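What follows is a short report on a single structure.
The values are calculated or read from the model by the stated rules, or taken from the named source; none is laboratory data. Note that this is a predicted model, so its numbers are computed, not measured. Here Cβ is always computed from backbone atoms with ideal geometry, including for glycine, and neighbour counts include all displayed protein chains.
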Ligand SMILES: Cc1ncc(COP(=O)(O)O)c(C=O)c1O
């Protein structure tokens, strides 16, 4: 018999769909899985034992890896090492050589513990981001910040988008947070609408906006985000804006709220080295906020050495790569245009993107990811994102030769 616990027993990915469709009125529209989830939730609230009995194998309780970039499973499945990974959105220029050299040189320093305050890195970031060093907290990838922050603040109620990056929900579930979803719809090209403000009510402890959003690639202008921030000031809501992909955006000044951290004490901006400097394996991310109390809480919410010496040195070196950043923007823009044009030819519904990935619907090819994997090409099926059905996919923008291979493989598998 299972114990009653704060961690959900059921697969909550269906929730947005379920709650969104006013289920009292539309009960007959619900699919079998959705019924199972409603049943599971009700019984879970009142009796975990009944949950076990009633839904049995229908509701998932197993850990499931839900991100892109799992080349390891792809290799096992295909029996080949030659996987072209379009499922993780990493800079197609690869790790800058300066960063590689910095990591190699730093190996000699690994005999000591890393600097727990990442002093040199934070100083370099302060110059780069034009802010005070005390406004920066670095961690083992942005994902670590997402979890630490949730653990530190223990929000009771939070608002997230659907679909969006899965770790917000995963982190919030660890503290038993009540999650509300703002559903992004295909009719609105998955972009945030004015009615979002109405969702922010008192009692909402935290809200997360991914900008540009993953997986959709849509951006939210900072003129709108100022309205969100003003409203959140009234409701005392902490605002997390995840700008992990902002460095790929052509005109970040229209979208980023990074320069507003001094004006809003409730604002935290998340940034990643992993994507823009192609170093997901090194792991490095940071958060910018003028709220020093939250930075203290972040320090208290986990180990002191989460950023390795190698990652700190890699970050310091990466911040000097100005030319690399310029080249990245030019390449990503050109290749994104190429891919959008080519993907549209297959009859897919392609959503324009501000970032280094493209989101599209290919409802005639629900197994497109599997069809491509058989050709050694890994793309991200988005069917496990809250708020999405099967038939949605995301591909990273890679270099031209890889992108051509993707298009050739698509021609092959779709017989187009
Ligand atoms: C929007 C978003 N935020 C954060 C992360 C986590 O990035 P990191 O590798 O820095 O932990 C990801 C990773 O895919 C992401 O897509």
I'd like to know if segment 227-250 contains one or more residues that are away from the ligand (no atom under 16 Å from the Cβ), in contact (Cβ under 8 Å) with a residue 12 or more places away in the chain and within 29 Å of residue 350 (Cβ to Cβ). yes
Is it true that some residue in segment 131-150 is within 16 Å of the ligand (Cβ to nearest atom), on the phi > 0 side of the Ramachandran plot and touching a strand residue (DSSP E or B) at 6+ places or on another chain (Cβ under 7 Å)? yes
Only listed residue being within 16 Å of the ligand (Cβ to nearest atom), buried (at least 19 other Cβ atoms within 10 Å of the Cβ) and assigned by TED's automatic domain parsing to the domain that holds residue 160, chosen from 281, 302, 315: 315
Complete set of residues in segment 106-128 that are in contact with a helix residue (DSSP H, G or I) (Cβ under 7 Å, 6 or more places away or on another chain) and within 16 Å of the ligand (Cβ to nearest atom): 118, 121
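So how many residues does segment 391-406 have that are surrounded by fewer than 16 Cβ atoms within 10 Å (Cβ to Cβ) and assigned to a helix (DSSP H, G or I)?
From segment 391-406, those surrounded by fewer than 16 Cβ atoms within 10 Å (Cβ to Cβ) are 399-401, 404; that's our starting set.
Applying the additional criterion that residues be assigned to a helix (DSSP H, G or I) yields 400-401, 404.
Counting residues in segment 391-406 that are surrounded by fewer than 16 Cβ atoms within 10 Å (Cβ to Cβ) and assigned to a helix (DSSP H, G or I) gives 3.
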Boolean, residue 286 is at pLDDT 95 or above, assigned by TED's automatic domain parsing to the domain that holds residue 175 and within 13 Å of the ligand (Cβ to nearest atom): yes
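For residue 171, are the conditions met, namely being within 16 Å of the ligand (Cβ to nearest atom) and at pLDDT 95 or above? Walk me through how you get there before you give the answer.
Values: within 16 Å of the ligand (Cβ to nearest atom): yes; at pLDDT 95 or above: yes.
Yes.
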Scanning segment 328-346 for residues that are over 23 Å from the mean Cα position of the chain (by Cα) and exposed (fewer than 14 other Cβ atoms within 10 Å of the Cβ) gives 330, 334, 341, 344, 345
Residue list for segment 80-91, filter: surrounded by 14 or more Cβ atoms within 10 Å (Cβ to Cβ), in a loop (DSSP other than H, G, I, E, B) and away from the ligand (no atom under 16 Å from the Cβ): 83
Kindly list, by first and then second residue, each pair from a residue in segment 141-155 that is over 15 Å from residue 307 (Cα atoms) to a residue that is in a helix (DSSP H, G or I) and away from the ligand (no atom under 12 Å from the Cβ), limited to pairs with Cβ atoms under 6 Å and residues at least 6 apart or on different chains. 150/172; 152/297; 152/298
Among (1) farther than 30 Å from residue 181 by Cβ; (2) part of a helix (DSSP H, G or I), which single condition is residue 416 missing? (2)
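Based on what the data block shows, is residue 160 within 11 Å of the ligand (Cβ to nearest atom) and either at pLDDT 95 or above or outside the structural domain of residue 392 (by TED's automatic domain parsing) (or both)?
Numbers: within 11 Å of the ligand (Cβ to nearest atom): no; either at pLDDT 95 or above or outside the structural domain of residue 392 (by TED's automatic domain parsing) (or both): yes.
It is false that residue 160 is within 11 Å of the ligand (Cβ to nearest atom) and either at pLDDT 95 or above or outside the structural domain of residue 392 (by TED's automatic domain parsing) (or both).
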Kindly indicate whether any position in segment 368-383 is buried (at least 20 other Cβ atoms within 10 Å of the Cβ) and more than 30 Å from residue 76 (Cβ to Cβ). no
Where a residue in segment 272-297 is within 25 Å of residue 89 (Cα to Cα) and its partner, wherever it lies, is near the ligand (Cβ under 10 Å from one of its atoms) and at pLDDT below 95, with Cβ under 8 Å and at least six apart: 280/69
